[in-house]
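K.L.:
Have a look at this one before I ask anything.
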Amino acid sequence: MISVCIATYNGEKYIKEQIESILCQLAPDDEIIISDDGSKDKTLDIVQSLNDTRIKVFQNKGRHGVVPNFGNALRQAQGDFIFLSDQDDVWMPDKVKTVMAVLQDYDFVVHNAEMVDGNLNSQGTDFFSLRHTCYGYWQNLWKMRYLGCTMAFRREALRYILPLPKNILWHDMWAAAILHLKFKGTLIDKPLIWYRRHGDNASTSGEDSGWSWIFRIKYRWIIFTHSITRTLLHI
């Protein structure tokens, strides 16, 4: 069983196209977990209009923001395989088939993405090339080279990923650290989603964060200490 976890907030513009690109690849007993962070637009109306029992909607009752919202989605997931997804991209038709084939031999995978604008026009590059993506704990601790929406992993990883630490800013950086330390993973160089950059994204992955070097070093120390403690001592 597959659980696709999506954190939504005011995503009415693209959410239908994204969910439809996912549903056509899922089996009848798979699920899409929608955790909504109090959308003020028609996001939930659009989701409900799709009228598919595989879509399960939950309200984020805790702290608001992308990280706690994804944490809520992960807590609700029942599947043996967890796929992370943004609310505004589009999955390529062979994503699930390709990822699941690789997950037969690995615990987690990270795949490439084609960079596109809001209308799905190619920006002439892929995420791995743009970020010089490489596999490894230290490489991605110093400079995160993965997108959360391109990650998938076995359910066993949730016992280490959850609960998400309260002082982290990016759920995908935290998940990558845990997965590298405790599980066997690999990269899929082939782009399997169209990754929209349209100016209204909830996250800034792939862009300059603007954080100072002092903050970046301190934050990586936080991820390092928390991930080592969580995986070695399971605290």
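The values are calculated or read from the model by the stated rules, or taken from the named source; none is laboratory data. This one's a predicted model, so the numbers in the text were calculated from it and none came from an experiment. No Cβ is skipped: glycine too gets one built from the backbone with ideal geometry, and neighbour counts run over all protein chains shown. Quick note on the areas: whole protein, heavy atoms, side chains included, nothing else; ligands and nucleic acids left out. Shrake-Rupley method; radii C 1.70, N 1.55, O 1.52, S 1.80 Å.
K.L.:
Which cross-chain or sequence-distant (5 or more) residues have an amide H under 5 Å from the amide H of S85, H modelled 1.01 Å from N in plane?
P.N.:
Placed amide hydrogens put C5, A7 under 5 Å from S85.
K.L.:
Can you list the aspartates and glutamates whose alpha carbon sits under 19 Å from that of K166, skipping same-chain ones fewer than 8 residues off?
P.N.:
Candidates past the 8-residue exclusion: D36, D37.
K.L.:
Find out how many positive minus negative residues lie around Q18, taking Lys and Arg as positive, Asp and Glu as negative, among other residues whose Cβ is under 13 Å from that of Q18.
P.N.:
After counting each charged neighbour, the total is -2.
K.L.:
Pop out the carbon and sulfur fraction of the accessible area of region 49-114 as a percent, whole number, probe 1.4 Å.
P.N.:
About 48 percent, which is the carbon plus sulfur part of the accessible surface.
K.L.:
To the nearest 10 degrees, how steep is helix 213-233 against the longest Cα principal axis of the chain, on a 0 to 90 scale?
P.N.:
Orientation of helix 213-233: about 90 degrees from the principal axis.
K.L.:
Roughly how large, in nm² to one decimal, is the mean projection of the convex hull of the alpha-carbon atoms in region 8-127?
P.N.:
8.0
K.L.:
Which entry in (1) 0.93; (2) 1.20; (3) 0.96 is this structure's computed Rg/Rh (Cα atoms, Kirkwood Rh)?
P.N.:
The calculated read-out lines up with (1).
K.L.:
Show me, bin by bin at 10 Å from 0, the whole-percent P(r) of region 102-189 based on Cα pairs.
P.N.:
Over region 102-189, the share of Cα pairs per 10 Å bin runs 16, 48, 27, 8 percent.
K.L.:
Report, to the nearest 10°, how far helix 66-76 tilts away from the longest principal axis of the Cα atoms in the chain, using its own Cα long axis and a range of 0 to 90°.
P.N.:
70
K.L.:
If you don't mind, another one. Accessible area per residue of the chain at 1.4 Å probe, in Å²?
P.N.:
Per-residue accessible area for the chain comes out at 47 Å².
K.L.:
Right, another one. Can you list residues from other chains, or at least 5 along the same chain, whose modelled amide H is less than 5 Å from the amide H of I32?
P.N.:
The list, which skips near neighbours in sequence, is V4, I55, K56.
K.L.:
Given H placed 1.01 Å from N in the peptide plane, which residues other than close sequence neighbours of I188 have an amide H under 5 Å from its amide H?
P.N.:
So I188 has HN proximity to V110, H111, N112.
K.L.:
How about K97: which lysines have a C-alpha closer than 30 Å to its C-alpha, ignoring those fewer than 8 places off in the same chain?
P.N.:
By straight Cα distance, K97 reaches K13, K16, K56, K143, K182, K184, K190.
K.L.:
In addition: What is the extension gain from S212 to D105, computed as 0.36 nm multiplied by their sequence separation minus the C-alpha to C-alpha distance, in nm to one decimal?
P.N.:
Gain in length upon complete extension: 34.6 nm.
K.L.:
Okay, next question. With the crude spin-label approximation of a point 7 Å out along Cα→Cβ, what separation in nm comes out for H198 versus F224?
P.N.:
Going by the 7 Å Cα→Cβ label model, 3.9 nm.
K.L.:
Just the number, please: carbon plus sulfur as a percent of the accessible area of region 125-166, 1.4 Å probe, no ligands or DNA/RNA counted.
P.N.:
57
K.L.:
Could you quote the convex hull projected area for region 1-70, Cα atoms only and averaged over all directions, in nm²?
P.N.:
Result: a mean projected hull area of 4.5 nm².
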